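Heads up, the thing below is written out as structure tokens.
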């Protein structure tokens, strides 16, 4: 489904398709995607982290303790216009052009919440699904929930039909706890970590590298259900459990 017009109408040849795909909780696709022509002058993402002051009497500056990260946010503005259909009896209401986007803040009957949405912008990397091993981008997508959809009507026909509107959307990043743990891949032995098997690896060598003790290979084998400890397939991902 395609909706809307590019924001920058001076250069429609460079317009990209901004696509909204509904997702289930497990990130599988849900229904048909909605796409709009989008050629923004700017697109700003905001990412913040939270720190707490540690109250130690007598210090000039309180030490900072990292608490948690905040979800990334992004704002999108879209222009919709149906004046090409005329301003008289043939005028087409602009509302039908963006009602699918408005539905992204409505409760989904099956999920009992508004949907999770995956947005992508052509082949341009506007966001990413972090790679569990090194945090690099795997795809030009941004998974989010839609916080708001603001509708501002700019032009009406003489009979009151709205034919031009600006839609402003606010979205907030959505990632499950499992996705975040895999992406962060904590390095210390007191957290579960992900290790990708390399050519020549065996469990004792992995245990020596990651735990500092080759005898810990049994911990890895038992956690991952591995019987042959010396023949591992390169590319296999192992969970390295915390030491007890």
Exercise. With r as the distance between the Cβ atoms of residue 236 and residue 177 and R0 = 25 Å, compute the FRET efficiency 1/(1 + (r/R0)^6) and round to 0.05.
Key: 0.60
Quiz item: Based on the Cβ-Cβ distance of residue 62 and residue 170, what FRET efficiency does E = 1/(1 + (r/R0)^6) give at R0 = 30 Å, to the nearest 0.05?
Solution: 0.35
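State whether region 35-103 is rounded, prolate or oblate according to the following rule on the C-alpha gyration tensor (a ≥ b ≥ c being the square roots of its eigenvalues): a/c under 1.5 gives rounded; otherwise a/b larger than b/c gives prolate, and the remaining case gives oblate. Could the numbers behind the result be given before it?
Working: a/c = 5.26, a/b = 4.47, b/c = 1.18.
Here region 35-103 falls in the prolate category.
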Self-check item: Label zone at residue 205 (point 7 Å along Cα-to-Cβ), backbone N below 13 Å, region 218-236
Solution: 230-235
Practice problem: Would you mind ranking 61, 34 so that the residue whose beta carbon has the fewest other beta carbons within 10 Å leads the list? | Solution: 61, 34
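Provide the FRET efficiency to the nearest 0.05 for the residue 154-residue 26 pair, computing r from the beta carbons and using R0 = 41 Å. Walk me through the numbers before you get to the answer.
On the way: r = 40 Å, r/R0 = 0.97.
Given R0 = 41 Å and the Cβ-Cβ separation, E is 0.55.
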Quiz item: Once you sort the root eigenvalues of the Cα gyration tensor of region 186-240 as a ≥ b ≥ c, which label holds: rounded (a/c under 1.5), prolate (a/b larger than b/c) or oblate (the other case)?
Solution: rounded
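Values in this text are rule-based calculations from the coordinates and carry no lab data. Quantities reported herein were computed from a predicted structural model and do not represent experimental measurements. Note: ideal-geometry Cβ built from the backbone for every residue, glycine included; neighbour counts use all protein chains shown.
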